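Written out below as structure tokens is the structure these notes cover.
The values are calculated or read from the model by the stated rules, or taken from the named source; none is laboratory data. For clarity, every value in this text was computed on a predicted model and none was experimentally measured. Here the Cβ positions follow ideal geometry from the backbone for every residue, glycine too, while neighbour counts run over all protein chains shown. Calculation scope for accessible area: heavy atoms of the full protein, side chains included, ligands and nucleic acids excluded. Shrake-Rupley method; radii C 1.70, N 1.55, O 1.52, S 1.80 Å.
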Amino acid sequence: MPSVGVKIYSVFFKLWLRHRLQSLAAAGGGPDPAAAAFGVSCRPDEATAPANPAFSAADGVASKDLHIDPNTSLSVRIFLPTLPPPHAHLLAHSRSRRASDPTPAPASNGAAPYRGYLPHAVSSPRAPASARRRLPIVVQFHGGGFATGSSSATANDAFCRRVAKLCDAIVVAVGYRLAPESRYPAAFEDGVKVLKWIAKQANLAMMSKVGGGVDTFGASTVEPWIAAHGDPARCVLLGASCGANIADYVTRKVVEDSKPFDPIKVVAQVLMYPFFIGSVPTHSEIRLANSYFYDKSTCILAWRLFLSEKEFNLDHPAANPLAPGRGGPPLKCMPPTLTVIAEHDWMRDRAIAYSEELRKVNVDSPVLDYKDTVHEFATLDVFLKTPQAQACAEDIAIWMKKYISLRGHEFSY
């Protein structure tokens, strides 16, 4: 069972969340259609972590924010981990070409050399292959019941840094539009738009337009971190809570028609305690309806904020992945899917059922079930330093590396 401290914190968290959702419901989306279309991707009273384009001494991960759509509030926060240290002869090559680079020289006391962003080494045709090594891309969707949270939230920033470090991957955290200002399908469309944006950056980079490409979302040049280090052929979608619903939706869109996303290849997806629900309650929905942090009645209120009054239905395709007549591609076409669930989460049974349906059609779809945990146990700020949260991130990285590691290095970690 969760500790007494967690139980007490859960009570206050549920009161705060319900009050927050009720306040948003009372405020509505606002009378201005243009403002509603632009939306908001971050609540002004929620704690956020500043972006740090320099490599952090604590975790060796740099980050920056980009507003990628001038017509909406859609934004992303990109996390770039330091590259593995080059071999000695590669260090000599880099030093000879780094006269104007402020990067410090490797320490002579045996410490690991600096492993930062070397754009000149990447762009040079004579640069060693390892210096031009590209990193897989993890597209991450935060939780928050579609109405709270952001890509720059303190907890989400820490979680993405952890994933970038453990997976040795670029993480693109999506700041999608929130409800009720922007209802369904805004958040889902934002997820698709971000993946197409990443594909466009990769295409511009391949066309050698890094210095002069014009981006349709308003950027004057291609995004350099993705252009220099991103490998679009190794892309993973990762979502937490309601973000898992968005990740699954975007994955289905890619499976349905991959041409608009070329050269993106979604090789796997990770669904962390997905925000699934349905009209017919499961055993866990009955037994754990009043569970910690996110009880069922509060989550239904979140769904009412996200879906319009006309569309509201607990078997809506956005809510129930196994609802009859949902449509979309056959499950057998889905990529490998890792599902993370918590012991004290009322949504666990439906996540397990979805994973089982994938396994029936031979999709690699394991389930990681963590004891004494609650919904969002690996992504809420109060849990980030717990052993379960750290173990969960490590387990995700181990599974993910089966699909994002280069051939012959799948088990080199």
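Here are the numbers for this structure:
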| item | result |
| --- | --- |
| Phe275 vs. criteria at positive phi and either assigned to a loop (DSSP other than H, G, I, E, B) or not polar (S, T, N, Q) (or both) | no |
| Filtered residues of segment 361-385 (kept if at pLDDT below 95 and of a type in the set (Val, Ile, Thr)) | Val382 |
| Answer from Ile300, Ile341 - the residue that is of a type in the set (A, V, I, L, M) and either on the phi > 0 side of the Ramachandran plot or in contact with a helix residue (DSSP H, G or I) (Cβ under 6 Å, 6 or more places away or on another chain) (or both) | Ile341 |
| Residue in segment 325-337 that is without any contact (Cβ under 8 Å) to a residue 24 or more places away in the chain, open to solvent by 40 Å² or more (accessible area, probe 1.4 Å) and at positive phi present | yes |
| Selected residue (criterion: farthest from Cys160 (Cα to Cα)) from residues of segment 362-371 that are out of contact with any Asp or Glu (no Cβ under 6 Å at 6 or more places or on another chain) and open to solvent by 20 Å² or more (accessible area, probe 1.4 Å) | Asn362 |
| First in segment 350-372 and over 21 Å from Leu288 (Cα atoms) and in contact (Cβ under 8 Å) with a residue 12 or more places away in the chain, second anywhere and open to solvent by 60 Å² or more (accessible area, probe 1.4 Å) and hydrophobic (A, V, I, L, M, F, W, C), Cβ under 7 Å, 6 or more apart | Glu357/Leu322 |
| Considering residues of segment 28-55 that are small (Gly, Ala, Ser) and more than 19 Å from Ser308 (Cα to Cα) only, the residue modelled with the lowest pLDDT | Ala54 |
